[in-house]
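Participant: Attaching a single structure in structure tokens format; questions to follow.
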Number of protein chains: 2
Amino acid sequence: MPHFWHLWLIGCTWTDWPFLFLQFGQFIFPPEKALPYREAAQVSRFLDPFFDPRRGNAKRVEFILRPVMIPGERGYRGDKTMPERAELQKMAQKLRRHSVEMTTASASGHPTTCLSTAEILSTLFFQEMRWDPKAPYARNVDTFVLSKGHAAPILWAALKEAGAIDDDLLRLRKFDSTLEGHPTPRNPWVRVATGSLGQGLSCAAGMALARRQDGITARIYCLMGDGESAEGSVWEAAQFAAHNQLDNICALVDVNGLGQSGATMPMHNVESYLAKFVSFGWHAISVDGHDIDELLQAFEGARNTTDRPTAIICKTEKGKGFSLVEGKDGWHGKPFKKDGTFEKALEEFGDTDITLEVEPRHIETQTLPESAFSLDDPALAPTYKEEDMAATRQGYGSALAKLGAICPDVMALDGDTKNSTYSEKFKIAHPDRFVECFIAEQNMAGVALGLAVEGKIPFASTFACFLSRAYDQLRMSVYSRPHHLVINGSHVGVSIGEDGPSQMGLEDLAMFRALIGTTVLYPGDAVAAERLTCAAALTPGIVYLRSSRPKTRVLYKNEEMFPIGGSKTWGDGTDATIVAAGITLHEALEAQKLLKQNDIHVRVIDAYSIKPIDEETLKTAARETREVITVEDHSACGGLGEAVASVIGSVKILAIREIPRSGKPDELLDKYGINRRAIVEAVRERLGK
Amino acid sequence: MPHFWHLWLIGCTWTDWPFLFLQFGQFIFPPEKALPYREAAQVSRFLDPFFDPRRGNAKRVEFILRPVMIPGERGYRGDKTMPERAELQKMAQKLRRHSVEMTTASASGHPTTCLSTAEILSTLFFQEMRWDPKAPYARNVDTFVLSKGHAAPILWAALKEAGAIDDDLLRLRKFDSTLEGHPTPRNPWVRVATGSLGQGLSCAAGMALARRQDGITARIYCLMGDGESAEGSVWEAAQFAAHNQLDNICALVDVNGLGQSGATMPMHNVESYLAKFVSFGWHAISVDGHDIDELLQAFEGARNTTDRPTAIICKTEKGKGFSLVEGKDGWHGKPFKKDGTFEKALEEFGDTDITLEVEPRHIETQTLPESAFSLDDPALAPTYKEEDMAATRQGYGSALAKLGAICPDVMALDGDTKNSTYSEKFKIAHPDRFVECFIAEQNMAGVALGLAVEGKIPFASTFACFLSRAYDQLRMSVYSRPHHLVINGSHVGVSIGEDGPSQMGLEDLAMFRALIGTTVLYPGDAVAAERLTCAAALTPGIVYLRSSRPKTRVLYKNEEMFPIGGSKTWGDGTDATIVAAGITLHEALEAQKLLKQNDIHVRVIDAYSIKPIDEETLKTAARETREVITVEDHSACGGLGEAVASVIGSVKILAIREIPRSGKPDELLDKYGINRRAIVEAVRERLGK
């Protein structure tokens, strides 16, 4: 079947357009509109020379070939004939069957939650979405985000039926299976871990933004529950997506009316959801979530909506398809027992003998340039003069702006504090890569994660205290395993002064240290702030950088480097060691001078790398000096002092140190080394018996 | 001026009503409607005998005398003649003048934010609100919550003008002043600390709920910013208030269109705010926020609205009244300098020579019964049998239900997990004191705080991991200094099993330990869980109780008591000490047995009180045994292990250990013991020189 294409020209600067106009005379103003063209691949090749990577366009201009919808048909298709309505319905029943079999086999999980979504998954995975079951990491395909993570079984079932995974579905939630209780990237098809509700839409928004940034028109489909729509983070994301006109997002709300422990607030009041999304600037459509045709029509409506995202409000029944539980409270998270209940469910699902092939459909894109740089790059060197006064937050902003110039993947986000955190410096230098998230920190964290899983290096900043607002999102980010995600918290501790305790970050070190696998940095001067900001971009995983409000003296030379896990020692006194970081480093150095006047000789350790901490240097100092004193502008619990105490003290701490997974409780206690076996081993090792 | 009263009969059970009907024949169905009556005080005395405290009505039935609005007048008034429009306008100008003078004097603060709210404050404090400037702690008066906490100066100004405080306004933000940079209860008129945006409405909802619970009709006025309306927590609160029909709440949104670092998303699009509030189930009115008449009319509209809260959307200009800054970006948080700017502002405010007296207006209430109980009360004793298997979360639920029976102030909240946390047991026993907060943990924490500051003893529960969602609210709760506020986090650690990492509380100990002044409890068996749950209700401030999912053996006898700050030692081995808590206590006890078989004798310490921790017992154990090993189902940072390491180790930790306040950075570093002076003292003390 011959078909037409849209050629999308996205992200071109306006100055490029007059030239293109002369070449084709066919594009439509404004630039983001489509240019119909038959031989798109040729066009792409033809246009290539006009975009000079040295002019900075290579990254931002993408030639996306996208099949055009053909009026009168359920268009938007490749060459393959699409499944019939009845086939999709049968597939929905098969997905129901799988969900029930899986949860019964694992004797845990949420079958009724899956049952309400079966038609949504069936239409999305087997008709609407353009994706390739053989390419889990492709960016140029439509992507599915399961915000209601407890419906994981039906996601695994759909992936299996589509040939995207070959796991044994009945090993759901088993210790060595990628089919975890809630989705995590242990399974290659999961971009962001979900299961803490209300977070998927922010991540979807970040992904949608990254794709628009890179000129990729592939869409994001985000399935949410109605219960989770009570989370404020959903409305932060809704406002953000509308404000940024993310029309590549299609959110689906599974309104089954029941939460975990009872009915939701709006129950089946679909109008309430419609009104909310519309008032937040969305296009919203309501459908019978069990009607294949209504769903497909709604998807088409979503695709044809420009300038705003679309929410499809799906009225469903929890437990749909099994009369014993359909629409009934009290069945959340309860698998069916093999006492006749399970068998009855399968019987009611009827004939599920169907196989549907998913046509691989990539949306062609150019390869993006690599974002490689070295910390030695002269463009990154700080340029302070001796005895300059500068706040570490200023160092953060300066370095970020420089980093943006040599690393096109770097993006900056802020929560309406850019003039305080100095992320504004990045915005001024690279306005197209700055994302204003307004006063909505949860969404900012989610968007940052969404950008990160799409290959960006996001730096998200606000006052450190307000990061506590996003702690759940940050926690879940750990489980999403982004390559790079940098969080900056400024205005830490009592040293902010007059604004009072509400604005003081006093728990941020504890927060970020407690997250598994994170890196926590706390520069003591502007040079360290610049160097550590750059280092953060190359450090794998989640990096937290703590910056201070007051201007302080520049202590280090511009060429000084600050390796992660290191420290700087000032002096070699043996009376005592003072371990400090950030603002207290300056106090400690002053104290060192004062003590010297009394013939007390101390060394000061600048513990700029709080996690990992420089265990060796600290242990040596503890051996070589009589006393160790830590000083920090932070709560006494969970910060620098305890980090030091835990490495130089004699206490052996058995605790969780790696990202855990699904499994039986006993298996997990053993695996992560906190059960009787691990205790016995630790005691014997310590005692040498 | 003679006036009429409404007699409100609130919370009567339906079975009481037929009798009342015979007595008066005048009340209006349903029970919560008003009964007009002239001699209301007499009625109250007359009705008293019909309500028998032993039938449980005494607490729930309140006789509220409330002035009736008189049609045709701006009613709702006491005897005093209300100020004229021009007087209120002049007062607004005077409040502007104060705000500018205060912020200029302190050279910090947010004058333009205050200027947009001047008419709102003037009409509220000098006409609309029924309050008594001499009674800051009264419950039976209308109460103001300043959610946009950075407008603190104009709040202090209004209080000063009303004669409620006699502080020197020009000492704003000074170290020893109660006029902090953002409102805290250091000033007696502040119920909840604000300054982290988007939190006031949840607190207002909690206060409104507590008042309805106690039959107090006094209203809550909550002033929010437009920028903070981007916070999802606002919409969690909005949904909660509408769902609970809290018509005693009037929210005001100061739509000045500007945030800290630029325009807000909807800017001056008042309709967008109206649509949002209406879609969330509110009555919403838009006004010119600088028009006294429109404001007063809107207040009346709010008062006359039943069954739903009212939002008044006030279109304003940031910096209103001073032409240099009015409606201009770039002036957030910038006091005016005395370079002509300050002087120009005062000049533009014009004649501000006015004094308005606020008539003290209490809303009469009966005294509420005292909620006193003893932990020895036999009604609280656990009733487990030896070798019973029970989860600590079950112990929490059982104790909570028992506590509810003897302590009428106890209320329980849950975030749609009541059947998992076992708070459901409380709901079954005391349905009228259970608050379902659905999947919106931020709002749950705010509502709990609101209940707490109104004298309730709230117990709020959900999965420990989801408390991370409300960490900012919990942080701010510390600064609100509630008498009692208990948070329960269940399903902690990897021991939850199959659900996977998204549902595992691995950071909660670090979170709650880092908050200043909190108590952190972690029971090892169901008996300890029951005892500690009860103890939590009597422990001042914020208490966190950590409970586990799996059933474990009952270890302690029913009569065992668990004092806060204590521990339990199992055995007296001297080879090693194993410090454990919760699920790992059971593993440690098993390890103890296994080690004994190899002639290794250890003692096990059940550190059920994680904060404060039993320092003395731990130090003794460290002295008496060769090795100390801690084991916890929690991240390695900020939990039990570091708590132990910080007390038995040799590291002296200087850090923030009490709630800080506004002041100059140097003053604060000194006050909280982290500056050069404190370091020098610590070193000299440790070295004995």
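Participant: I need the full set of residues from region A:554-591 which are of a type in the set (Asp, Glu) and either within 17 Å of A:GLN394 (Cβ to Cβ) or free of Cβ contacts under 8 Å to residues at least 60 places away in the same chain (or both), in order please.
Facilitator: A:GLU560, A:ASP572, A:ASP575, A:GLU587, A:GLU590
Participant: Let me ask another. A:ALA452: away from chain B (no Cβ under 13 Å), in a helix (DSSP H, G or I) and under 28 Å from B:GLU236 (Cβ atoms), yes or no?
Facilitator: The answer is yes for A:ALA452.
Participant: Among the residues of region A:194-203, what is the count of those that are more than 10 Å from chain B (Cβ to nearest Cβ) and more than 22 Å from A:ASP416 (Cβ to Cβ)?
Facilitator: Total satisfying the criteria: 1.
Participant: Right, something else. How many residues are of a type in the set (A, V, I, L, M), within 7 Å of another protein chain (Cβ to nearest Cβ) and either exposed (fewer than 15 other Cβ atoms within 10 Å of the Cβ) or over 13 Å from A:THR577 (Cβ atoms) (or both) when one looks only at region A:587-601?
Facilitator: Residues meeting the conditions: 1.
Participant: Would a scan of region A:205-226 turn up a residue that is in contact with a Leu (Cβ under 6 Å, 6 or more places away or on another chain), of a type in the set (A, V, I, L, M, F, W, C) and without any contact (Cβ under 8 Å) to a residue 60 or more places away in the chain?
Facilitator: No.
Participant: Determine which single condition B:LYS402 fails, assuming it passes every other condition in (1) without any contact (Cβ under 8 Å) to a residue 12 or more places away in the chain; (2) in contact with an Asp or Glu (Cβ under 9 Å, 6 or more places away or on another chain).
Facilitator: (1)
Participant: Filtering region A:138-153 down to residues that are out of contact with any Ser or Thr (no Cβ under 8 Å at 6 or more places or on another chain) and part of a loop (DSSP other than H, G, I, E, B), which residue is nearest to A:ARG361 (Cα to Cα)?
Facilitator: Among them, the one singled out is A:VAL141.
Participant: I'm checking my understanding of the structure. Among residues of region A:602-636 that are open to solvent by less than 30 Å² (accessible area, probe 1.4 Å) and hydroxyl-bearing (Ser, Thr, Tyr), which one is farthest from the other protein chains (Cβ to nearest Cβ)?
Facilitator: Top of the filtered list is A:TYR608.
Participant: May I ask you to verify whether A:ALA655 is at the interface with another protein chain (Cβ under 7 Å from one of its Cβ atoms), within 26 Å of A:PRO183 (Cβ to Cβ) and touching a strand residue (DSSP E or B) at 6+ places or on another chain (Cβ under 8 Å)?
Facilitator: Considered against the rule, which asks whether it is at the interface with another protein chain (Cβ under 7 Å from one of its Cβ atoms), within 26 Å of A:PRO183 (Cβ to Cβ) and touching a strand residue (DSSP E or B) at 6+ places or on another chain (Cβ under 8 Å), A:ALA655 comes out as yes.
Participant: Same structure, new question: Are any of the residues in region B:235-247 modelled with pLDDT of 95 or more and more than 29 Å from A:SER468 (Cα to Cα)?
Facilitator: yes
Participant: Within region A:182-217, count every residue that is within 13 Å of the chain's Cα centre (by Cα) and part of a helix (DSSP H, G or I).
Facilitator: Selection size over region A:182-217: 11.
Matching residues to (1) surrounded by 24 or more Cβ atoms within 10 Å (Cβ to Cβ); (2) among the charged types (D, E, K, R); (3) away from chain B (no Cβ under 14 Å):
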| position | (1), (2), (3) |
| --- | --- |
| A:ARG211 | yes, yes, yes |
| A:ILE220 | yes, no, yes |
| A:ASP226 | yes, yes, no |
| A:ALA238 | yes, no, no |
| A:CYS250 | yes, no, yes |
| A:LEU258 | yes, no, no |
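Participant: Filter region A:492-525 down to the residues that are out of contact with any Phe, Trp or Tyr (no Cβ under 6 Å at 6 or more places or on another chain), assigned to a helix (DSSP H, G or I) and within 30 Å of A:GLU386 (Cβ to Cβ) and list them by number.
Facilitator: A:SER495, A:ILE496, A:LEU509
Participant: Could I ask something else about it? When the residues of region B:553-586 are narrowed to those that are assigned to a strand (DSSP E or B) and among the charged types (D, E, K, R), which ends up surrounded by the fewest Cβ atoms within 10 Å (Cβ to Cβ)?
Facilitator: Within region B:553-586, the match that is surrounded by the fewest Cβ atoms within 10 Å (Cβ to Cβ) is B:ARG553.
Participant: Going through region A:442-469 one residue at a time, which ones are hydrophobic (A, V, I, L, M, F, W, C), over 14 Å from A:VAL486 (Cβ atoms) and free of Cβ contacts under 8 Å to residues at least 60 places away in the same chain?
Facilitator: Matches in region A:442-469: A:PHE463, A:CYS465, A:PHE466.
Participant: Can you pull out the residues in region A:512-540 that are within 14 Å of another protein chain (Cβ to nearest Cβ) and without any contact (Cβ under 8 Å) to a residue 60 or more places away in the chain?
Facilitator: Once the filter is applied, which keeps residues that are within 14 Å of another protein chain (Cβ to nearest Cβ) and without any contact (Cβ under 8 Å) to a residue 60 or more places away in the chain, region A:512-540 yields only A:LEU515.
Participant: With open to solvent by less than 60 Å² (accessible area, probe 1.4 Å), within 15 Å of B:GLU119 (Cβ to Cβ) and modelled with pLDDT of 95 or more as the only criterion, which of B:GLU294, B:GLU317, B:GLU300 stands out?
Facilitator: Sole residue among the options that is open to solvent by less than 60 Å² (accessible area, probe 1.4 Å), within 15 Å of B:GLU119 (Cβ to Cβ) and modelled with pLDDT of 95 or more: B:GLU317.
Participant: Which of the following residues is out of contact with any helix residue (DSSP H, G or I) (no Cβ under 7 Å at 6 or more places or on another chain) and within 16 Å of A:ASP247 (Cα to Cα): A:ALA302, A:ALA311?
Facilitator: A:ALA302
Participant: Looking at region A:541-552, is at least one residue in contact (Cβ under 8 Å) with a residue 24 or more places away in the chain, under 25 Å from A:ARG661 (Cβ atoms), part of a helix (DSSP H, G or I) and within 14 Å of another protein chain (Cβ to nearest Cβ)?
Facilitator: no
Participant: Spot the failing condition for A:LEU159; the list is (1) free of Cβ contacts under 8 Å to residues at least 40 places away in the same chain; (2) open to solvent by 10 Å² or more (accessible area, probe 1.4 Å), and only one is missed.
Facilitator: If we test A:LEU159 against (1) free of Cβ contacts under 8 Å to residues at least 40 places away in the same chain; (2) open to solvent by 10 Å² or more (accessible area, probe 1.4 Å), just (2) comes out false.
Participant: Out of the residues in region B:637-648 that are in a loop (DSSP other than H, G, I, E, B) and open to solvent by less than 10 Å² (accessible area, probe 1.4 Å), which is nearest to the other protein chains (Cβ to nearest Cβ)?
Facilitator: B:GLY638
Participant: Going by the structure shown, is B:GLU685 in a helix (DSSP H, G or I), open to solvent by 20 Å² or more (accessible area, probe 1.4 Å), of a type in the set (Asp, Glu) and modelled with pLDDT of 95 or more?
Facilitator: For B:GLU685, the condition - in a helix (DSSP H, G or I), open to solvent by 20 Å² or more (accessible area, probe 1.4 Å), of a type in the set (Asp, Glu) and modelled with pLDDT of 95 or more - is met.
Residue by residue, here is whether (1) open to solvent by 30 Å² or more (accessible area, probe 1.4 Å); (2) part of a loop (DSSP other than H, G, I, E, B); (3) among the polar types (S, T, N, Q); (4) within 14 Å of chain A (Cβ to nearest Cβ) holds:
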site: B:ASP416; (1), (2), (3), (4): no, yes, no, yes
site: B:PHE426; (1), (2), (3), (4): no, no, no, yes
site: B:GLN442; (1), (2), (3), (4): no, no, yes, yes
site: B:PRO458; (1), (2), (3), (4): no, no, no, no
site: B:LEU467; (1), (2), (3), (4): no, no, no, yes
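The values are calculated or read from the model by the stated rules, or taken from the named source; none is laboratory data. Every value quoted in this text rests on a predicted model; they were computed, and no experiment measured them. Backbone-built Cβ (ideal geometry, glycine too); neighbour counts: all protein chains shown. To get the accessible areas, we keep the full protein, side chains included, count just its heavy atoms, and leave off ligands, DNA and RNA. Shrake-Rupley method; radii C 1.70, N 1.55, O 1.52, S 1.80 Å.
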